[in-house]
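Participant: The structure that follows is given in the form of structure tokens.
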Amino acid sequence: MFADLRTYWSPEAVLSACDGYDLDGMASDGLLHLINSVPAALDGTGEQSAVDGTPTTKPFWEIRDDEVSICLKETTWHCLGKHDPCRGLPRCRTDLQTNIACQRDDDSSHGKCPISFPSQRIPVKTTSLAHVLSVLLLTTFATYAAERAEVSEGADKPNILFIFADDWGWGDLGCHGHPYLKTPNLDRLAKEGTDFHRFTVASGVCSPSRTAVMTGHFPARYNIDGHFAWVPSNAKRGMPDWLNPNTSTLPKMLQSAGYATAHFGKWHLANNMIPDSPLPKDYGYDEYGAFNCAGEQMPVHEDAARAIAFIEKSAAAKKPFFINLWMHEPHTPFHTLPEYRRRFSELDDPDNVYASVLSHADDRIGEVLDALDRFMLSDKTLVIFSSDNGPAGSGRGNKLKTMYDSATGDGFDGGASVGTTGGRNGRKGSILQGGLGVPFIARWPGKIKAGAIDDVSWISAVDLLPTFCEIAGAVLSERYQPDGTSQLATLQGTHAPIRKKPLFWKGTGGNGPLYSILDGKWRLLVNVKFEVLELYDVNDDPLEKNDLKSSHPDIASELLRKLQTWHATLPETPDPECFSKYRDENASPMPPEVKPLFQFDPSR
């Protein structure tokens with residue numbers, strides 16, 4: 001159709017812009033080459049780049065044939081480079097007799113940001129071909145600009161990497177002063193970010209703690225008070241068999257904001273012993289590899305490698321990502337590797353095992369941090385490290401034995417549970433600070449202060465969903481009301497010693513504290529009969545050592561009233577839609593167990 005295509009670019013720039021298209025034989029399909037070269041040209045390829053935002057004027061191209069002459073000779077490149085301040089879609093207009101021009105509106109802070117194609121006023125025959133060419137050019141410009149705007153919007157969104165360990169105590173970090181545990185990568189994270197000392201999870205037990213992260217709600221709203229086990233145990237404890245996949249979840253909300261979402265590691269929002277339970281993909285994850293869920297069990301040590309592969313894929317697609325990296329360590333069984341045990345050869349067996357699994361986990365975290373550096377994504381990625389609850393066991397250590405877990409395989413038992421709470425009372429399973437107060441380190445270069453400690457702001461796991469959604473630009477539905485609040489300002493350095501919303505806890509039974517409320521600077525703990533047990537001024541006494549219930553009975557009474565009012569809103573029974581078919585005694589037999597792939601070597 002076209003006699004020739006004469007370009008004023010260098011040959012190298014033409015080849016780059018046309019992305020390998022053959023420039024010979026233009027008479028047959030010159031229009032196709034033209035249309036495919038437009039996006040690359042607009043992207044500032046080759047000699048046309050303006051990455052510093054400075055307008056440059058260079059010749060563009062010229063097309064002629066016997067019927068149509070459209071000459072676009074001078075192109076003003078303005079704000080289409082790497083640091084593009086314009087965010088609106090283009091408005092295009094055409095006068096078929098004279099020229100084609102496009103204009104792009106910026107926001108009010110920058111004023112107009114034009115992209116013009118002034119034409120030499122060469123006479124043009126208004127033919128059907130001219131109409132077709134004009135329409136195709138305008139369509140191409142508009143389509144590309146829209147695609148570019150979408151890519152630009154995605155490029156502007158930060159990535160979010162949430163690392164959630166399992167039973168990792170507050171004191172079990174080198175940067176928290178542990179005498180022999182070595183955690184150089186987490187120490188690096190603290191050095192490059194802020195260490196928040198008053199973060200609390202929503203439960204002292206795994207599954208309800210993870211429910212709060214996923215939903216932004218107190219887990220008692222779903223009757224999830226303990227860990228998901230096999231079906232008879234869940235039924236006996238008045239629990240469902242899984243978190244309802246139809247509820248609003250964090251990954252679904254981030255998907256709606258254009259994020260690629262992935263989960264790697266422990267799941268435990270159901271259980272591998274419940275084969276008909278929903279899979280992680282049903283909750284909003286584009287990709288997953290998990291254990292403690294139905295289906296195939298991912299080997300515990302593959303979490304970081306899977307995460308790195310997803311980061312690379314998302315980076316290639318220029319799409320922001322959200323990754324849950326929910327690590328197994330230091331939960332039982334302790335899946336030690338001999339090379340890590342040899343790092344701590346001077347320690348006795350319980351301490352040696354505990355140190356080795358944390359060192360292995362820290363190394364894998366380091367691999368992910370190194371990958372962010374390698375892909376040049378560290379500066380635009382929020383990384384958070386925390387734990388689902390406090391350390392397990394007594395903390396004293398015992399003779400080691402081996403144990404087997406149907407989701408993860410063989411390893412050492414709780415004899416190596418020597419985790420520390422950093423002086424907090426209670427441990428895993430408790431709603432005292434030792435069960436709830438866990439590490440929380442956040443790094444986001446340029447957004448979160450480096451090398452800082454915030455020891456005054458009370459942040460909760462139910463705050464993560466609204467916080468991540470604000471960061472991602474995900475709009476919360478009017479029908480969804482989180483129990484937490486966005487803590488973005490707190491992450492960025494604004495201290496929050498008094499919360500905007502109270503926090504509530506429901507524990508797992510026993511004779512000790514079962515319910516609790518934190519409101520303002522006061523935390524109340526009561527037993528199953530709602531008898532007041534303890535009252536603390538957590539701003540003055542964050543480790544909860546000085547019980548004030550006797551000296552402040554009016555405050556205790558007011559908090560008790562609020563706690564009972566909240567308790568009255570909780571469902572009495574779980575949702576039957578979240579019951580496994582294996583609750584029916586006439587259900588078909590369970591499928592045969594598939595052994596985990598991990599091969600345990602107990603040597604040191």
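The values are calculated or read from the model by the stated rules, or taken from the named source; none is laboratory data. What you see is a predicted model; the values in this text were computed from it and never measured. Reconstructed Cβ throughout: ideal geometry from the backbone, glycine too, with neighbour counts over all protein chains shown. Surface areas here come from the heavy atoms of the whole protein model, side chains and all, with no ligands, DNA or RNA. Shrake-Rupley method; radii C 1.70, N 1.55, O 1.52, S 1.80 Å.
Participant: For segment 299-313, check the following and say yes or no: at least one residue is closer than 13 Å to Phe264 by Cβ, open to solvent by 20 Å² or more (accessible area, probe 1.4 Å) and assigned to a loop (DSSP other than H, G, I, E, B).
Facilitator: Yes.
Participant: Hey, any hits in segment 560-568 for a residue that's open to solvent by 20 Å² or more (accessible area, probe 1.4 Å), assigned to a loop (DSSP other than H, G, I, E, B) and free of Cβ contacts under 8 Å to residues at least 40 places away in the same chain? Walk me through it before giving the result.
Facilitator: Step one: list which residues in segment 560-568 are open to solvent by 20 Å² or more (accessible area, probe 1.4 Å), which gives 560-562, 564-565, 567-568.
With the extra rule that they be assigned to a loop (DSSP other than H, G, I, E, B), the set shrinks to none.
Checking segment 560-568: not a single residue is open to solvent by 20 Å² or more (accessible area, probe 1.4 Å), assigned to a loop (DSSP other than H, G, I, E, B) and free of Cβ contacts under 8 Å to residues at least 40 places away in the same chain.
Participant: Run down Ser345, Ser356 and say which single residue is more than 30 Å from Met253 (Cβ to Cβ) and surrounded by fewer than 17 Cβ atoms within 10 Å (Cβ to Cβ). First the steps, then the outcome.
Facilitator: On the way: Ser356 fails: surrounded by fewer than 17 Cβ atoms within 10 Å (Cβ to Cβ).
When all the criteria are applied, what remains is Ser345.
Participant: Against the condition more than 26 Å from Cys175 (Cβ to Cβ) and buried (at least 21 other Cβ atoms within 10 Å of the Cβ), how does Asp463 come out, does it pass? Step through it out loud before you land on a result.
Facilitator: On the way: more than 26 Å from Cys175 (Cβ to Cβ): no; buried (at least 21 other Cβ atoms within 10 Å of the Cβ): yes.
Spelling it out, it is not the case that Asp463 is more than 26 Å from Cys175 (Cβ to Cβ) and buried (at least 21 other Cβ atoms within 10 Å of the Cβ).
Participant: So, one more: Any residue at all in segment 586-593 that is modelled with pLDDT under 95, of a type outside the set (A, V, I, L, M), assigned to a loop (DSSP other than H, G, I, E, B) and within 32 Å of the chain's Cα centre (by Cα)? Break it down into steps so the answer makes sense when it comes.
Facilitator: Step one: list which residues in segment 586-593 are modelled with pLDDT under 95, which gives 586-593.
Okay, now just the ones that are also of a type outside the set (A, V, I, L, M), so 586, 588-589, 591-593.
Still in the running and assigned to a loop (DSSP other than H, G, I, E, B): 586, 588-589, 591-593.
Then keep just the ones that are within 32 Å of the chain's Cα centre (by Cα); that gives 593.
Scanning segment 586-593 turns up at least one residue that is modelled with pLDDT under 95, of a type outside the set (A, V, I, L, M), assigned to a loop (DSSP other than H, G, I, E, B) and within 32 Å of the chain's Cα centre (by Cα).
Participant: Filter segment 370-394 down to the residues that are in a helix (DSSP H, G or I), farther than 15 Å from Phe310 by Cβ and not acidic (Asp, Glu) and list them by number.
Facilitator: Result: Ser378, Lys380.
Participant: Here is a list of conditions, (1) surrounded by fewer than 24 Cβ atoms within 10 Å (Cβ to Cβ); (2) in contact with a helix residue (DSSP H, G or I) (Cβ under 9 Å, 6 or more places away or on another chain), and Ser233 meets all of them except one; can you say which number that is?
Facilitator: Among (1) surrounded by fewer than 24 Cβ atoms within 10 Å (Cβ to Cβ); (2) in contact with a helix residue (DSSP H, G or I) (Cβ under 9 Å, 6 or more places away or on another chain), Ser233 violates only (2).
Participant: Of the residues that make up segment 159-172, is at least one over 23 Å from Thr490 (Cα atoms), outside any loop (DSSP other than H, G, I, E, B) and among the hydrophobic types (A, V, I, L, M, F, W, C)?
Facilitator: No, there is no match, as no residue in segment 159-172 is over 23 Å from Thr490 (Cα atoms), outside any loop (DSSP other than H, G, I, E, B) and among the hydrophobic types (A, V, I, L, M, F, W, C).
Participant: Could we say that Ala489 is over 20 Å from Tyr283 (Cα atoms), in a helix (DSSP H, G or I) and not polar (S, T, N, Q) here? Give the steps one after another, and end with the answer.
Facilitator: Numbers: over 20 Å from Tyr283 (Cα atoms): yes; in a helix (DSSP H, G or I): yes; not polar (S, T, N, Q): yes.
Criteria met by Ala489.
Participant: Next up: Filter segment 395-418 down to residues that are open to solvent by 50 Å² or more (accessible area, probe 1.4 Å) and not in a strand (DSSP E or B), then give me how many there are. So that I can check it myself, show each step before the final result.
Facilitator: We begin by selecting, within segment 395-418, every residue open to solvent by 50 Å² or more (accessible area, probe 1.4 Å); these are 396, 398-399, 401-404, 410.
Narrowing further to those that are not in a strand (DSSP E or B): 396, 398-399, 401.
Selection size over segment 395-418: 4.
Participant: Look at segment 262-276 and say how many of its residues are part of a loop (DSSP other than H, G, I, E, B) and open to solvent by less than 10 Å² (accessible area, probe 1.4 Å).
Facilitator: Within segment 262-276, the first condition is being part of a loop (DSSP other than H, G, I, E, B), and the residues that meet it are 267-276.
Those left that are additionally open to solvent by less than 10 Å² (accessible area, probe 1.4 Å): 267, 269-271, 274.
Residues flagged as part of a loop (DSSP other than H, G, I, E, B) and open to solvent by less than 10 Å² (accessible area, probe 1.4 Å) within segment 262-276 amount to 5.
Participant: Within segment 196-217, track down each residue that is open to solvent by 10 Å² or more (accessible area, probe 1.4 Å) and either part of a strand (DSSP E or B) or not charged (D, E, K, R) (or both).
Facilitator: His197, Val205, His217
Participant: Shifting gears a bit: Out of all the residues in segment 360-377, which are open to solvent by less than 20 Å² (accessible area, probe 1.4 Å), charged (D, E, K, R) and out of contact with any Pro (no Cβ under 9 Å at 6 or more places or on another chain)?
Facilitator: Arg364
Participant: Follow-up. Could you run through segment 444-484 and say how many residues are under 15 Å from Arg198 (Cβ atoms), part of a loop (DSSP other than H, G, I, E, B) and not aromatic (Phe, Trp, Tyr)?
Facilitator: Summing the residues that are under 15 Å from Arg198 (Cβ atoms), part of a loop (DSSP other than H, G, I, E, B) and not aromatic (Phe, Trp, Tyr) in segment 444-484 gives 4.
Participant: Does segment 440-449 contain at least one residue that is surrounded by fewer than 17 Cβ atoms within 10 Å (Cβ to Cβ) and at pLDDT below 95?
Facilitator: No, segment 440-449 contains no residue that is surrounded by fewer than 17 Cβ atoms within 10 Å (Cβ to Cβ) and at pLDDT below 95.
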